[in-house]
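Peer 1: Please see the structure below; I have some questions.
The values are calculated or read from the model by the stated rules, or taken from the named source; none is laboratory data. Computed from a prediction, not measured in an experiment: that's the story for all the values here. Ideal geometry is used to build each Cβ from the backbone, glycine not excepted, and the neighbour counts take in all protein chains shown.
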Amino acid sequence: MQIQLDLGKTPFSLDHTLSCGQTFRWERQGDWWTGVVSQKVLKVRQVNGTMEFEASSEAADAQFLSRYFRLDDDLLRIYSRFAKDHYLCNAVREFYGLRLIRQEPWECLVSYICATFKNIPAIKQMIRNVSRRFGRPVLFKGQQFFTFPESSVLAEAELRDLKLCKLGYRASNVRETAKLINDGNFDLESLREMAFKDAKRVLLSLPGVGEKVADCVLLFSLDKLEAFPIDVWMKRVVLEYYSENFEPAFVEKVKLKRTLSRREYQTLYDFGRSYFGEYLGYAQEYLYHYKRCQAQAGS
């Protein structure tokens, strides 16, 4: 199956989109990417303006992939709104066509609870372990994959079994959050219709969800493009390239801290909202990926 794209009007890069650290269940082999999305196994590659794909379910059609890869976002308009300085323009030029992904909220939530103080390889391992131990097997092209477990399954999981997935102290947060959702005390999908601040306030009530985790879930799964997740990479970007927007004492204080207070986080968010505008979530992902790749290259 295929999706034909007019890249002049709809910029899209599958490689940039799947390698930028926003999602954790895709692996690349040659030209193809394989991942598990909403209980379906997908195999996808891009050849110029053609996206070719195969799936374990007929429900994973062109419409499903278009929604998942946010092909409905007017990326050219988004660029015109936030690409306003040399550093960010370089990031856009380097990773042109990178799109945010519209992930499944439950898996996204658990993934980012697990992501606290962990690097991407470790997060991938945790999510892979949880899926293998608690998910359902799916056979696709002679290979076995595993779906991400539903909240009902993780709500009943033993802590020792979750810890065997290398979750550590995060295991209790994952289980308690699963219980709240499974018991009907928390409706993730309802957050999509809420205002950003209201949705974030509700997310922050969940075990293991702080400012950054809440922003990641809102941005990557609940259509809140005004979210601005601030981790160690984004803190470095803001303090290195936009420090003139803050008091020198604030810059020096925050630069030395591993974690930000809620007030400090809000100060950095307020700058992002004012400077980058309504699409600061897209600006964040470009800046995050650009900075991380520079560091890996030794720049």
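Peer 1: Collect the residues in the range 36-55 that are in contact with a Lys or Arg (Cβ under 6 Å, 6 or more places away or on another chain) and either crowded, with 18+ Cβ neighbours inside 10 Å or outside the structural domain of Gly8 (by TED's automatic domain parsing) (or both), keeping them in residue-number order.
Peer 2: Selection gives Val36, Ala55.
Peer 1: Of everything in the range 245-299 that's among the small types (Gly, Ala, Ser) and not in a loop (DSSP other than H, G, I, E, B), which residue is farthest from Arg201 (Cα to Cα)?
Peer 2: Per the stated criteria, the residue is Ala295.
Peer 1: Being among the polar types (S, T, N, Q) and within 20 Å of Ser131 (Cβ to Cβ) is the filter here; which residues of the range 20-65 pass it?
Peer 2: Gln22, Thr23, Gln29, Thr34, Ser38, Gln39, Ser56, Ser57, listed by residue number.
Peer 1: Something else now. Give the residue that is nearest to the chain's Cα centre (by Cα), with candidates limited to residues of the range 87-106 that are charged (D, E, K, R) and under 12 Å from Leu222 (Cα atoms).
Peer 2: Selected residue: Arg102.
Here is a yes/no grid of residues against (1) aromatic (Phe, Trp, Tyr); (2) farther than 22 Å from Glu278 by Cα; (3) modelled with pLDDT of 95 or more; (4) not assigned by TED's automatic domain parsing to the domain that holds Leu109:
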| residue | (1), (2), (3), (4) |
| --- | --- |
| Arg170 | no, yes, yes, no |
| Glu176 | no, yes, yes, no |
| Gly184 | no, yes, no, no |
| Ala199 | no, no, yes, no |
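Peer 1: Hey, another quick one. Give the residue, chosen from Leu268, Leu256, that is over 21 Å from Ile113 (Cα atoms) and modelled with pLDDT of 95 or more.
Peer 2: Of the residues listed, the single one that is over 21 Å from Ile113 (Cα atoms) and modelled with pLDDT of 95 or more is Leu268.
Peer 1: Please work out which residue is farthest from the chain's Cα centre (by Cα), limiting yourself to the range 183-200 and to residues that are touching a residue at least 12 places away in the same chain (Cβ under 8 Å) and over 14 Å from Pro105 (Cβ atoms).
Peer 2: Asp183
Peer 1: Does Ala214 satisfy the criteria of being under 20 Å from Thr116 (Cα atoms), under 14 Å from the mean Cα position of the chain (by Cα) and in contact (Cβ under 8 Å) with a residue 40 or more places away in the chain?
Peer 2: The answer is no for Ala214.
Peer 1: Of all residues in the range 154-169, which are free of Cβ contacts under 8 Å to residues at least 24 places away in the same chain and either assigned to a helix (DSSP H, G or I) or more than 16 Å from Lys124 (Cβ to Cβ) (or both)?
Peer 2: Glu156, Ala157, Glu158, Leu159, Arg160, Lys163, Tyr169
Peer 1: Further question on the same structure: Out of all the residues in the range 74-95, is one or more surrounded by 15 or more Cβ atoms within 10 Å (Cβ to Cβ), closer than 24 Å to Val213 by Cα and charged (D, E, K, R)?
Peer 2: The answer is no; no qualifying residue exists.
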